[in-house]
1. Which residue pairs have Cβ atoms closer than 8 Å, lie 6 or more positions apart in sequence or on different chains, and pair a first residue in the stretch 359-370 that is over 11 Å from S139 (Cα atoms) with a second residue that is in a helix (DSSP H, G or I) and of a type in the set (F, W, Y)?
2. Suppose we keep only residues that are out of contact with any helix residue (DSSP H, G or I) (no Cβ under 6 Å at 6 or more places or on another chain) and under 12 Å from S401 (Cα atoms) within the stretch 118-134. Which one would you say is surrounded by the fewest Cβ atoms within 10 Å (Cβ to Cβ)?
3. Restricting to strands (runs of 3 or more DSSP E) lying wholly in the stretch 129-237: which have 3 or more residues that are at pLDDT 95 or above, on the phi > 0 side of the Ramachandran plot and not β-branched (V, I, T)?
4. Any residue at all in the stretch 205-214 that's among the β-branched types (V, I, T), buried (at least 24 other Cβ atoms within 10 Å of the Cβ) and within 15 Å of the chain's Cα centre (by Cα)?
5. Anything in the stretch 335-373 that is within 16 Å of the chain's Cα centre (by Cα), farther than 27 Å from P123 by Cα and of a type in the set (A, V, I, L, M)? List them, or say none.
6. Under the condition of being β-branched (V, I, T) and closer than 30 Å to P299 by Cα, which residue from the stretch 150-202 is surrounded by the fewest Cβ atoms within 10 Å (Cβ to Cβ)?
7. So, of the residues in the stretch 335-369 that are assigned to a loop (DSSP other than H, G, I, E, B) and of a type in the set (S, T, N, Q), which turns out to be surrounded by the fewest Cβ atoms within 10 Å (Cβ to Cβ)?
8. Check every one of the strands (runs of 3 or more DSSP E) wholly within the stretch 395-458 and list those with 1 or more residues that are closer than 17 Å to A494 by Cα, out of contact with any Lys or Arg (no Cβ under 7 Å at 6 or more places or on another chain) and in contact (Cβ under 8 Å) with a residue 12 or more places away in the chain.
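The values are calculated or read from the model by the stated rules, or taken from the named source; none is laboratory data. Keep in mind the model is a prediction, meaning the values are calculated, not measured. Please note: Cβ atoms are built from the backbone with ideal geometry, for glycine as well, and neighbour counts cover all protein chains shown.
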Amino acid sequence: MSENENIHPVVEEYVRMETRRQFLSGGMNALGWAALSTLGGLPAFASDKKSAFQKNALGLPNFPAKAKHVIYLHMVGGPPQMDLYDYKPLMNDWYDKELPSSVRNGQRLTTMTSGQTRFPIAPSRYKFQQYGKSGMWVSELLPKTAGMVDDMCFIRSMHTEAINHEPAITYMQTGNQITGRPCIGAWVSYGLGSLNNNLPTFVVLVAQPSNTDQVQAISARLWQSGYLPGEHAGVSFRAAGDPILYINNPPGVPKEMRRTTLDGLKALNEMTYKTVGDAETHTRIQQYELAFRMQSSVPELTDLSKEPESTFKMYGEESRKPGTFANTALMSRRMVERGVRFIQVYLNNWDTHANVAGRLPSQCKDIDQACAGLIQDLKNRGLLDETLIIWGGEFGRTIYSQGGLSHENYGRDHHPRCYTMWMAGGGVKAGTVYGETDDFSYNIVKDPVHIHDFHATTLQLLGIDHERFTYRSQGLDQRLTGVEASKVIKDLIA
């Protein structure tokens with residue numbers, strides 16, 4: 001008698017195919033599940049709980065990490081670098097003059113400006129001033145942030161191949177212009193595991209800008225796990241209502257009944273796993289269990305009633321309002337305190353094709369005090385050294401105007417050849433200004449930093465060698481930094 005005689009033929013065929021695939025990838029799954037054991041905050045198989053440097057079952061970190069947490073503030077749409085951080089005073093003499101062909105050098109244009117007959121130079125209408133020991137030039141739009149430059153590290157020579165939003169933001173988040181790859185937060189979650197037991201390893205917050213003239217699409221594809229195990233995808237917290245859908249039990253369902261229900265589901269899923277052998281079944285079990293634990297941890301996390309008044313003075317009054325960028329900045333600090341490994345924040349409406357004068361001040365007001373407050377708050381609490389803050393968009397903007405031009409107002413198109421990002425804390429070299437662009441903020445003339453270089457440097461700060469950090473998928477050892485040569489920018493690391 002066949003041992004599978006009592007199994008439905010369709011199930012039997014599925015098991016035969018699935019278990020063969022599971023056998024071939026069994027070692028990989030074992031490592032993944034060993035990594036899950038870090039949910040309690042300790043590396044798998046650790047014998048010394050007080051050790052400052054312990055590797056999990058994946059062999060990570062490869063060396064002692066400078067950062068334990070990441071707060072990634074992504075400005076969706078592409079902030080104009082020459083209006084914020086890349087001061088170009090010579091452009092005042094070029095007002096309304098044509099961008100030289102030797103500067104443009106045949107660069108591809110978007111459909112928004114490819115039909116223009118002229119490409120007139122639009123100098124920044126905003127005043128700049130040098131700040132701190134580094135002498136970093138900062139726009140008058142960011143006075144609070146300017147006061148923190150000696151705690152920050154500026155990269156003025158970021159560049160990308162992508163010129164449109166969808167491939168560009170996907171590239172910045174996943175290291176590839178094609179969607180479907182794991183994002184950087186998922187990679188960090190997979191590699192390093194959790195530092196807490198009651199909150200997700202990777203959390204996503206989408207802030208609501210005060211101005212919504214030109215918002216871009218933001219969807220869960222940006223925080224997906226791709227070919228990595230599903231539990232490493234980001235968990236999105238909502239700005240209004242319950243932070244997470246169905247975090248509360250339905251009316252009439254007490255906690256004890258929910259626990260009994262989950263125990264029953266777990267038993268059924270374990271039976272399914274024994275029959276089918278699909279590792280995603282265990283992912284579902286873990287998700288149910290984490291959701292149950294979050295029923296007590298999330299309300300405490302989002303309750304700001306015990307924060308002192310000094311906190312709201314630091315971040316600004318908007319930090320009291322759920323969904324504002326200031327509120328997400330404050331929530332990010334609270335998550336770091338509670339052991340969340342990676343926090344991704346998105347703020348929309350930086351796509352300034354027109355009306356820079358009407359929109360940029362409100363965008364900067366949304367972020368200025370909040371960013372400065374976040375750095376100062378983490379610093380005051382002794383958390384900045386172990387928390388890496390990243391700020392930036394998916395590309396920059398053009399020095400030439402899109403549409404009408406006046407001294408008071410102008411628009412700027414997408415520009416991939418150079419843009420500015422900054423980092424703070426987490427082992428970066430504070431007070432550093434890295435990279436240089438030409439007088440038009442159009443081309444890089446010194447120390448270029450590609451997206452893959454930026455990702456490699458970020459992983460380095462987390463104790464991960466980007467060349468050795470791989471995941472087997474579709475017959476290839478996949479990496480966040482891809483197969484092309486990438487380098488760690490050592491001058492950015494303290």
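1. Cβ pairs passing all conditions: D366/F325; I367/F325; Q369/Y315; A370/Y315; A370/F325.
2. Only one residue fits best here, namely R118.
3. Output list is empty.
4. Within the stretch 205-214 (the criterion being among the β-branched types (V, I, T), buried (at least 24 other Cβ atoms within 10 Å of the Cβ) and within 15 Å of the chain's Cα centre (by Cα)), the answer is no, since none of the residues qualifies.
5. Correct list: M335, V336, V340, I343, V345.
6. Step by step, filter the stretch 150-202, then rank; the result is I184.
7. This residue is N355.
8. 419-424, 432-434
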